[in-house]
Amino acid sequence: MMQSSVKSLCPACFRETLKQGICTACGYRESDAVHKEDVLEAFTILRGKYLLGNDLGQGGFGITYRAKNLQNGMLCCVKEYYPSGLLAGRKEDGSLCLMDENHQKEFDQGKHRFLEEAKALQELRGNVSVVDIWDYFEENGTAYFVMELLEGCNLRTFQKEHTPEQNFKMSVQMLFLIGSALVEVHRFGLIHGDISPENMIITKNGDIKLIDFGAARSFRQGEKTEGYKIYLKPNYAPYEQYSMKLCQGPWTDLYALAATFYFIVTGQYVVDALKRAKGAKYVPMSELSPFVSRRLSNIMDCALAFDYHDRYKSLTAFMSDLQKAVQPQDYDIDLAALVSCYSNKTDLNPKSDNPEPEKADQVCMIMPQAVAEPRARGGLFRHKKKGKMAWLELTIQNGSSDADSVKRRWLIEPNRMLTIGRLASSNVMMPANNRISRTHCELYYNEKRQDFVLKDVSKFGTFLSDGTPMEKERLYALKDKDCFYVVSPVYKFRVVIEK
């Protein structure tokens with residue numbers, strides 16, 4: 001790129017309309033730009049084709065940049081894996097510097113997960129309520145993924161500038177749109193892990209999109225905690241996110257989604273989980289907002305239950321009850337018109353209209369807590385006898401080492417058939433592979449007997465752990481920790497019962 005072009009190029013809109021430090025096209029002013037040591041310089045080129053502009057925001061896991069694809073001219077966003085708690089900054093060439101060499105393993109594992117989720121999220125391209133991921137790659141000793149650039153405002157900005165009635169109507173639409181999107185995300189064995197008002201964008205077209213999957217991960221429990229850190233937003237994070245030993249799953253995202261709805265509608269935060277563990281009182285929404293019926297409030301109470309055993313186990317179950325309490329068409333609202341004032345500004349964290357997040361909305365870095373099984377004393381919830389949950393774990397082995405593997409996890413609801421295959425309606429969505437059938441096999445968890453029944457219905461076969469091919473349509477019994485394969489050992493499943 002010619003030096004003269006760079007001098008006149010605006011880092012906000014990428015037009016050659018920068019004159020004396022002011023862009024005549026979008027109004028960008030160089031004098032308003034704040035120099036940040038952590039971010040890559042404007043007009044850095046990544047992967048030989050992504051021209052970076054100014055940064056759009058920084059969280060605990062990464063930095064997001066406005067960018068332009070020099071090959072096709074499209075504007076986009078580039079997300080850089082940048083776990084600030086592990087880093088001392090970056091070198092002159094843009095590569096990252098670890099704070100301590102002992103952090104290398106944690107950094108590498110985080111980078112691997114970052115790329116792993118980018119690959120999975122590419123499968124969601126076209127979902128109207130999830131930001132599209134277009135590309136991913138490694139450079140500067142870290143990882144990047146490329147996503148669509150959104151114009152509009154986030155939910156926190158919307159909430160501040162609109163009436164309580166408008167906020168309620170928008171939030172009802174949000175529950176249905178984002179809830180439906182999460183159903184699909186969870187079918188891939190992923191959870192978002194960082195849902196909040198800042199991570200949902202109302203676009204200029206009136207769509208509501210879920211962004212910032214930098215914290216995305218597979219359902220998890222019992223990971224090693226030594227030396228590891230957890231990043232979360234206290235007023236949206238459920239109790240299980242404070243520990244790496246408690247079960248995280250769809251109910252974790254549901255809590256954060258419901259906490260977002262709670263805040264937008266009432267203007268108050270749900271009491272953070274650690275305070276609830278010590279007896280702080282949870283206040284139902286119907287006591288705080290005239291727009292929330294008792295029936296809707298009860299549904300949100302269940303979604304915000306302190307103990308994950310007491311919440312809905314899936315977004316599908318939550319959405320089913322939600323549809324009985326409210327109909328989205330009864331709360332129609334022209335979001336495109338209401339966000340038109342933001343249509344020439346850019347999403348994620350536009351500096352001109354999104355101030356620094358409130359303290360309660362900021363990402364906090366904590367060490368994993370030695371928390372016990374939930375026993376809320378100040379909430380509405382009483383513990384009934386709990387059955388043991390069961391999991392289906394998938395390891396996709398893409399190479400010879402563990403670093404080349406991709407891991408996923410799904411909840412197996414008791415006494416209900418779970419389907420595995422390539423169909424979008426499958427409970428377990430498999431990667432695109434012509435040897436994997438649309439419905440490949442079916443799994444059933446008998447909670448009373450604490451065992452499983454597996455049936456193959458595929459063309460290319462399902463195999464037991466010793467490599468024995470299963471007879472089609474025959475029922476096979478599996479016990480806790482048993483494994484089986486779909487098509488080949490590349491796709492290894494394991495069934496696990498909660499301890």
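Checked against the criterion of being of a type outside the set (K, R) and at pLDDT below 90, segment 9-16 contains not a single residue that satisfies it.
Annotation note: of L464, L478, the sole residue that is modelled with pLDDT of 95 or more and in contact with an Asp or Glu (Cβ under 7 Å, 6 or more places away or on another chain) is L478.
The lone criterion from (1) crowded, with 16+ Cβ neighbours inside 10 Å; (2) modelled with pLDDT of 95 or more left unmet by G267 is number (1).
Picking from V183, V172, which residue would you name as being under 14 Å from L124 (Cα atoms) and not assigned by TED's automatic domain parsing to the domain that holds R66? Give the steps one after another, and end with the answer.
Values: V172 fails: under 14 Å from L124 (Cα atoms).
Result of the check over V183, V172: V183.
Whenever a residue of segment 277-296 is over 12 Å from F261 (Cβ atoms), its partners that are charged (D, E, K, R) and buried (at least 16 other Cβ atoms within 10 Å of the Cβ), lying with C-beta atoms within less than 9 angstrom and at least six residues away or across chains, give the pairs A280/D272; Y282/R276; Y282/D301; P284/D301. The residues listed here are G73, G85, G53; of these, the one that is of a type in the set (G, A, S), surrounded by fewer than 19 Cβ atoms within 10 Å (Cβ to Cβ) and modelled with pLDDT of 90 or more is G73. Taking the criterion of being modelled with pLDDT of 80 or more and out of contact with any strand residue (DSSP E or B) (no Cβ under 9 Å at 6 or more places or on another chain), would at least one residue in segment 214-236 satisfy it? Yes: one or more hits.
Table: residues versus (1) in a strand (DSSP E or B); (2) not hydrophobic (A, V, I, L, M, F, W, C).
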position: L56; (1), (2): yes, no
position: G60; (1), (2): no, yes
position: C76; (1), (2): yes, no
position: E80; (1), (2): yes, yes
position: G94; (1), (2): no, yes
position: A118; (1), (2): no, no
position: L124; (1), (2): no, no
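Filtering segment 1-54 to residues that are part of a loop (DSSP other than H, G, I, E, B) and aromatic (F, W, Y) leaves F14, Y28, F43.
Return the total of residues in segment 232-287 being in a loop (DSSP other than H, G, I, E, B), small (G, A, S) and closer than 25 Å to T316 by Cα. It would help to see each step written out before you state the result.
At the first step, the residues of segment 232-287 found to be in a loop (DSSP other than H, G, I, E, B) are 233-238, 243-247, 249, 267-272, 278-284.
In the following step, the residues that additionally are small (G, A, S) were identified as 237, 243, 249, 267, 279-280.
Restricting the remaining residues to those that are closer than 25 Å to T316 by Cα gives 237, 249.
Qualifying residue count, segment 232-287: 2.
Checked against the criterion of being buried (at least 22 other Cβ atoms within 10 Å of the Cβ), at pLDDT 95 or above and outside any loop (DSSP other than H, G, I, E, B), the candidates F145, F114, F137, F158 yield just one match: F158.
Scanning segment 184-199 for residues that are part of a helix (DSSP H, G or I), in contact with a helix residue (DSSP H, G or I) (Cβ under 6 Å, 6 or more places away or on another chain) and more than 15 Å from L394 (Cα to Cα) turns up P197, E198.
In the condition set (1) within 27 Å of I202 (Cβ to Cβ); (2) out of contact with any strand residue (DSSP E or B) (no Cβ under 6 Å at 6 or more places or on another chain); (3) at pLDDT below 95, D100 is compliant with all but (1).
Within segment 176-184, can one find any residue that is at pLDDT 95 or above, over 15 Å from the mean Cα position of the chain (by Cα) and within 22 Å of A256 (Cα to Cα)? So far as segment 176-184 goes, yes, one or more of its residues are at pLDDT 95 or above, over 15 Å from the mean Cα position of the chain (by Cα) and within 22 Å of A256 (Cα to Cα).
With respect to the conditions (1) aromatic (F, W, Y); (2) more than 18 Å from F137 (Cβ to Cβ); (3) touching a residue at least 60 places away in the same chain (Cβ under 8 Å), Y81 lacks only one, and its number is (2).
The values are calculated or read from the model by the stated rules, or taken from the named source; none is laboratory data. Because the structure is predicted, anything quoted here is derived from the model rather than measured. Heads up, the Cβs are rebuilt from the backbone with ideal geometry, glycines too, and the neighbour counts pull from every protein chain shown.
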